[in-house]
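S.K.: Let me begin by handing over the structure; questions about it come next.
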């Protein structure tokens, strides 16, 4: 590929990343792949080689939110973290960790909360929900645990009117690096005490 074509490709990647970030911030799309496809169509990009990776879109999303939604985003993240903390305290026996957009401060208008649970009693999580008459849906999703791709049970429900996704891992997985789907980045996470500190820090600045 010539230098000129490489430059054009890089420019298109940046434009798609910016457009996808705007869709995620303004329309509440929380699926990176969907946002990228819609952005590419809007810009008339017909080559999948021009699609940016999730990290590029995430960086563009941070920039957009900082420029156009700073106060709104700060309040949104604060509110979502309070709900996340409440859920984590409720599921404390299952070793909960917060991860994803709420931890990274990039959650959009309709974004949900993502928690990891670590237990050898998968049914115990479902029994907890059933006993409290909390409706939920179950899905098996591919996740990377260390160097292995594995099907992980994910429970989808609402907590205080906010979408909550509970990814249930084996107890031993708590000591293993969990990676993104591509396997090139370790998933950042925060335990119960760390989230308490984040919520307390937000209150102290109000």
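The values are calculated or read from the model by the stated rules, or taken from the named source; none is laboratory data. Computed from a predicted structure; not experimentally measured. When we count neighbours, we look across all protein chains shown, and the Cβ atoms used for this are built from the backbone with ideal geometry, even at glycine.
S.K.: Which of (1) farther than 23 Å from residue 141 by Cα; (2) buried (at least 18 other Cβ atoms within 10 Å of the Cβ); (3) touching a strand residue (DSSP E or B) at 6+ places or on another chain (Cβ under 8 Å) does residue 86 not meet, given it meets every other one?
M.R.: With (1) farther than 23 Å from residue 141 by Cα; (2) buried (at least 18 other Cβ atoms within 10 Å of the Cβ); (3) touching a strand residue (DSSP E or B) at 6+ places or on another chain (Cβ under 8 Å) applied to residue 86, the lone miss is (2).
S.K.: When only residues in the stretch 28-73 that are under 30 Å from residue 203 (Cα atoms) and touching a residue at least 60 places away in the same chain (Cβ under 8 Å) count, which is surrounded by the fewest Cβ atoms within 10 Å (Cβ to Cβ)?
M.R.: Per the criteria, the residue is 28.
S.K.: Can you tell me which condition residue 160 does not meet? The list is (1) under 30 Å from residue 26 (Cβ atoms); (2) surrounded by 14 or more Cβ atoms within 10 Å (Cβ to Cβ); (3) in contact with a helix residue (DSSP H, G or I) (Cβ under 7 Å, 6 or more places away or on another chain), and all the others hold.
M.R.: (2) is the only condition that residue 160 fails.
S.K.: Please find, among 199, 154, the residue that is touching a strand residue (DSSP E or B) at 6+ places or on another chain (Cβ under 7 Å) and surrounded by 14 or more Cβ atoms within 10 Å (Cβ to Cβ).
M.R.: Going through 199, 154 in turn, just one is touching a strand residue (DSSP E or B) at 6+ places or on another chain (Cβ under 7 Å) and surrounded by 14 or more Cβ atoms within 10 Å (Cβ to Cβ): 154.
S.K.: Kindly evaluate residue 146 against the criterion of being modelled with pLDDT under 90 and either in contact with a strand residue (DSSP E or B) (Cβ under 7 Å, 6 or more places away or on another chain) or closer than 30 Å to residue 68 by Cα (or both).
M.R.: It is false that residue 146 is modelled with pLDDT under 90 and either in contact with a strand residue (DSSP E or B) (Cβ under 7 Å, 6 or more places away or on another chain) or closer than 30 Å to residue 68 by Cα (or both).
S.K.: Out of 167, 201, 135, 194, I need the residue that is modelled with pLDDT of 95 or more and over 20 Å from the mean Cα position of the chain (by Cα). Which one?
M.R.: The conditions single out 135.
S.K.: Pull up the stretch 110-134, narrow it to residues that are in contact with a strand residue (DSSP E or B) (Cβ under 9 Å, 6 or more places away or on another chain) and part of a loop (DSSP other than H, G, I, E, B), then point me to the one that is surrounded by the most Cβ atoms within 10 Å (Cβ to Cβ).
M.R.: If we take residues in the stretch 110-134 being in contact with a strand residue (DSSP E or B) (Cβ under 9 Å, 6 or more places away or on another chain) and part of a loop (DSSP other than H, G, I, E, B), then 112 is surrounded by the most Cβ atoms within 10 Å (Cβ to Cβ).
S.K.: Out of curiosity, is residue 132 over 17 Å from residue 104 (Cβ atoms) and without any contact (Cβ under 8 Å) to a residue 12 or more places away in the chain?
M.R.: The answer is yes for residue 132.
S.K.: Across the stretch 25-52, what is the number of residues that are outside any helix (DSSP H, G or I) and out of contact with any helix residue (DSSP H, G or I) (no Cβ under 9 Å at 6 or more places or on another chain)?
M.R.: Selection size over the stretch 25-52: 2.
S.K.: For the stretch 80-109, which positions are within 26 Å of residue 60 (Cβ to Cβ) and assigned to a loop (DSSP other than H, G, I, E, B)?
M.R.: Scanning the stretch 80-109 gives 100, 105, 106, 107, 108, 109.
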